[in-house]
Amino acid sequence: MLGLYIHIPFCKQKCYYCDFFSVEYDVVLVNKYVDALIKHASQFRNQKINSIYIGGGTPSVLSLKQLEKLLQTLNNIFDLSEVCEFTFELNPESTSKEKLRLLKNFGINRLSIGLQSVEDNSLKFLGRIHDFQTFCNIYDIARKESFNNINIDLIYGLSNQTVKEWERDLKRALLFNSEHLSLYPLSIEEGTPFYLNSVTINDNIQRDMYDKAVEVLASNGYAHYEISNWTKRGRESFHNSNYWRNFEYIGLGAGAAGYLRKIRYKNIDDIEKYIAVCSLLKDAQSRCGNISSLEMESEYIGDELYKTEKIILGLRLLNEGIDVNCFNSSEHQIVLLECLKDKTLEQDNDAIKLSKEFIFVFNQIVSKFM
């Protein structure tokens, strides 16, 4: 299983909570960046890909011409004969019927739409530049263009938001009957406008909101298969689930991460530098992509670290869990016994799973295995 992640680090405007690597859209810079992506991708020519995820940033901010060039190149460079899931992230304000039709024509079969809130006041608070009606219009067009696998992103735990308000908003989002929902608590990250303006959040209220989401979504037929993700039957994100299974994936683009041949790496997060380095690459330099000059940081994942990462990542998959045989080091066994005793983890036949009532404190639990 080999995934492909492509990072598009451009936005019309950066949201007030966002600390992902992105810059303001500039047509000339994006043209150069798409050319650089193509050079980067050529280093992996003919690799057989099982899933693709184009994220950002805001991939939908690219023009029709830029999108067509990028997507056509992917079809030319990679062996996409076994791609079962091809996801494209979009924001409502930068999407059109023409773009959605283009995506469909190039084999994209899953959309992830950044709604974040059904309330216009909350959208303004978050720094989003679309309103709820714009989302409704784009969602309707996507359905008419035959997209039948759509994820909706929502953020909860906003300042002064109550549990009742969150429940009401969640139920409004459910009216769209999307196949998948991703719910994220608002976090205040250093360097963001929210951080600089001392915006605060309440962890206890966020925990109550999380519990309410678990209750509401279960009663509406959504399976809670990953800590932040709910799905209808058979609509789990194949690509993202393979991250948690610790499978390999290629990371293309400035700031993108990848994991290949026991090396976990991150590309340089300077767009101009990324473009400059890619311009020096020769086509098909190596089928394995020997392009260390693009890497800002990398780490060899030896056997012991691999086992630790497999536990930490795999416990996110609530239904699968981790094979008990993965806990075969003395250190892991000691921690496992402690967690089974205090019931933060539970054993289901040969699988070790995160106990549902402790999902919200997941990071505290898995830190014991580090």
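The values are calculated or read from the model by the stated rules, or taken from the named source; none is laboratory data. A quick note: this is a predicted structure, and the numbers were derived from the prediction, not measured. Heads up, the Cβs are rebuilt from the backbone with ideal geometry, glycines too, and the neighbour counts pull from every protein chain shown. SASA here: full protein model, heavy atoms, side chains in, ligands and nucleic acids out. Shrake-Rupley method; radii C 1.70, N 1.55, O 1.52, S 1.80 Å.
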Checklist entry - What tally of residues in segment 160-199 results from selecting those that are in a loop (DSSP other than H, G, I, E, B) and either in contact with a His (Cβ under 7 Å, 6 or more places away or on another chain) or of a type in the set (D, E, K, R) (or both)? => result 3
Next on the checklist: Considering only segment 35-53, I want to know if a residue exists there that is open to solvent by 10 Å² or more (accessible area, probe 1.4 Å) and under 19 Å from the mean Cα position of the chain (by Cα).
Outcome noted: yes
Checklist entry - Looking only at segment 345-358, which residues are under 23 Å from the mean Cα position of the chain (by Cα) and closer than 15 Å to ILE311 by Cα? => result LYS353, LEU354
Checklist entry - Within segment 120-151, can you find the residues that are touching a helix residue (DSSP H, G or I) at 6+ places or on another chain (Cβ under 9 Å), open to solvent by less than 50 Å² (accessible area, probe 1.4 Å), touching a residue at least 40 places away in the same chain (Cβ under 8 Å) and not in a helix (DSSP H, G or I)? => result GLY127, ARG128, GLU145, PHE147, ILE150
Checklist entry - Any residue in segment 2-17 that is at pLDDT 95 or above, in a helix (DSSP H, G or I) and either open to solvent by 10 Å² or more (accessible area, probe 1.4 Å) or touching a Gly at 6+ places or on another chain (Cβ under 9 Å) (or both)? => result no
Checklist outcome for this item: Given the conditions (1) surrounded by 14 or more Cβ atoms within 10 Å (Cβ to Cβ); (2) touching a residue at least 40 places away in the same chain (Cβ under 8 Å); (3) more than 24 Å from PHE360 (Cβ to Cβ), every one holds for SER237 apart from (3)
Item to check | Inter-residue pairs, beta-carbon under 7 Å, first over 9 Å from THR344 (Cα atoms) and in segment 356-367, second in a helix (DSSP H, G or I) and open to solvent by less than 60 Å² (accessible area, probe 1.4 Å), 6+ apart | outcome: PHE360/TYR210; VAL366/ILE312
Checklist entry - Which residues, counting only those in segment 101-122, are over 20 Å from the mean Cα position of the chain (by Cα), among the aliphatic types (A, V, I, L, M) and farther than 22 Å from THR231 by Cα? => result LEU102
